[in-house]
1. (1) surrounded by 12 or more Cβ atoms within 10 Å (Cβ to Cβ); (2) within 14 Å of chain A (Cβ to nearest Cβ); (3) under 22 Å from B:S140 (Cα atoms): which one isn't true of B:K31, the others all being true?
2. Under the condition of being within 20 Å of the chain's Cα centre (by Cα), polar (S, T, N, Q) and surrounded by 14 or more Cβ atoms within 10 Å (Cβ to Cβ), which residue from the stretch A:53-83 is nearest to A:T240 (Cα to Cα)?
3. Filter the stretch A:125-159 for residues that are within 14 Å of another protein chain (Cβ to nearest Cβ) and without any contact (Cβ under 8 Å) to a residue 40 or more places away in the chain; which is nearest to A:F58 (Cα to Cα)?
4. Scan the stretch B:84-92 and tell me whether some residue there is surrounded by fewer than 16 Cβ atoms within 10 Å (Cβ to Cβ), within 14 Å of another protein chain (Cβ to nearest Cβ) and either among the polar types (S, T, N, Q) or in contact (Cβ under 8 Å) with a residue 12 or more places away in the chain (or both).
5. Filter the stretch A:217-241 for residues that are free of Cβ contacts under 8 Å to residues at least 12 places away in the same chain and either of a type in the set (S, T, N, Q) or closer than 20 Å to A:A185 by Cα (or both) and give the result.
6. Select from the stretch B:161-183 the residues that are under 23 Å from B:K55 (Cβ atoms) and surrounded by fewer than 19 Cβ atoms within 10 Å (Cβ to Cβ) and list them in ascending order.
7. Considering each of B:A78, B:A57, B:A26 in turn, give the residue that is within 10 Å of chain A (Cβ to nearest Cβ), of a type in the set (G, A, S) and in contact with a strand residue (DSSP E or B) (Cβ under 8 Å, 6 or more places away or on another chain).
8. So which residues in the stretch B:83-109 are over 21 Å from the mean Cα position of the chain (by Cα) and of a type outside the set (S, T, Y), if there are any at all?
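Coordinate-derived values only; no laboratory data. Quick caveat: nothing in here was measured; it's all calculated off a predicted structure. Here the Cβ is made from the backbone with ideal geometry for all residues, glycine too, and neighbour counts use every protein chain on show.
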Amino acid sequence: MATIDIPVLSLALTFLLFLIPVAISRIFGLKLIKPLFTSTLRMVIQLALIGVFLKYLFIWNNPFVNFGWLVIMIVVAVFSSVKSSSLKMSKIFIPAFASFSTATLLVVFYLNIFIIPLENVFDARYLIVLGGMLLGNSLRGNIVGISTFYRQLKNDTNHYLYVLSLGASHYEALLPYIRESVQLALKPTLAAMATMGIVALPGMMTGVILGGASPELAIKYQILIMVAIVVSTITSVVLTILLTMHVCLNRFGVLRNDVFRKSQAG
Amino acid sequence: MKIDEGDKVVISGKSGSGKSSLLSLALGFVKPDDGQVYFEGLPVDEKTSWNVRRKIAYIDQDVSLGSGRVSKLFEFAAGLKANAHLDFGCSEELINFFELEPSILQKSIQELSGGERQRISIIIAVLLNRNIFFLDEITSSLDKHLKNKVADYFLNRENVTSLIVSHDPVWTEVPSVRIFDFEEKTWQQ
């Protein structure tokens, strides 16, 4: 059961569907037409490039190249999650990179070494595809996690200082904020897990089934990937908060103003 | 400016003149641009400020008690490692003393009135069993009778040191209180 190829012309016709959002945008004055087309253009270009790139990556299947690409993926994920927070890239890039790498590599290599009987644990098809899925989800989790953590801490400064004055240690005072942001960051992943198979046939499974494998195998992979996603998301969110904390708070236990980007400071 | 053990000091001055910042400086929440704060003979720095905060009961002018149920806040304060030796059991007595209903413990902090919040923060400050109090506008939402009661509580105890920021005359009526004019930087009384 091979996947049916889509002719390029037909793929182009998919874009006819855009008439609907374009009409909606017109009617309600949403001003979405421009962003819709820029995002689409970016997606098409990026996917076309990555398509070519992945093709060679799979052909070469060189451990160093594969691993190097995974590192680049981590860098990009870190960049976009820091960018969406109000923190300065220069201050928290390193701790965020350390936590993303730890979480992703730990889980990916655990899967590749112990769970999937791979001869080559650096096999591009597994290392890059699994790594990418984990990173995509960690990215989403971290966008919520670090933004919430630092926003709460900043908006809540007076209460936080009051708690310090009650005699709280650094850790005791920050724990409620850590809890709240990690719980919030994990919510979408847990919700997705709980409705899996009913509401959504997830990407991984769709891919495996379309790729010609049996649904049973697709389900096995899906379970594996969901567990991996939850573990790597929670690990990276907690680690990012813990590691950036030391940079963003001074030794008096007070949030430093200079870690926020200019427009956010005050 | 020097404050001795047992002193009751009221800092007076216009709003926005930085009276509250003085308290923040002493607690190590803000670093001084210039000069140095000493507490019990030691400069307040990155290391000592943690200890300073455990010796001073502080109430900020916004009464930033956070959110959640009042009883949870009591539990949180009592549950801190630094407070492990304390007995929060006598909170009901204090609740009565400051004329609140015991049922207030079951209320959520957000639904409390300004006056109730101020009294809850006073009760917690007292339960911390510390001898030094930094009190920033803690009577602003109380009625005359309660203002007197609170001022009396903090001004008439010998072994207690109180540093008070307030516009309320109730604090300065007591002759033993020292008044520091924050704008002139001089003692008035």
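1. Single failed check for B:K31: (3).
2. The qualifying residue nearest to A:T240 (Cα to Cα) is A:S81.
3. A:Q152
4. yes
5. Within the stretch A:217-241, just A:V227 meets the criteria.
6. Scanning the stretch B:161-183 gives B:S176, B:V177, B:R178.
7. Among B:A78, B:A57, B:A26, only B:A57 is within 10 Å of chain A (Cβ to nearest Cβ), of a type in the set (G, A, S) and in contact with a strand residue (DSSP E or B) (Cβ under 8 Å, 6 or more places away or on another chain).
8. Within the stretch B:83-109, B:E101, B:P102, B:Q106, B:K107 qualify.
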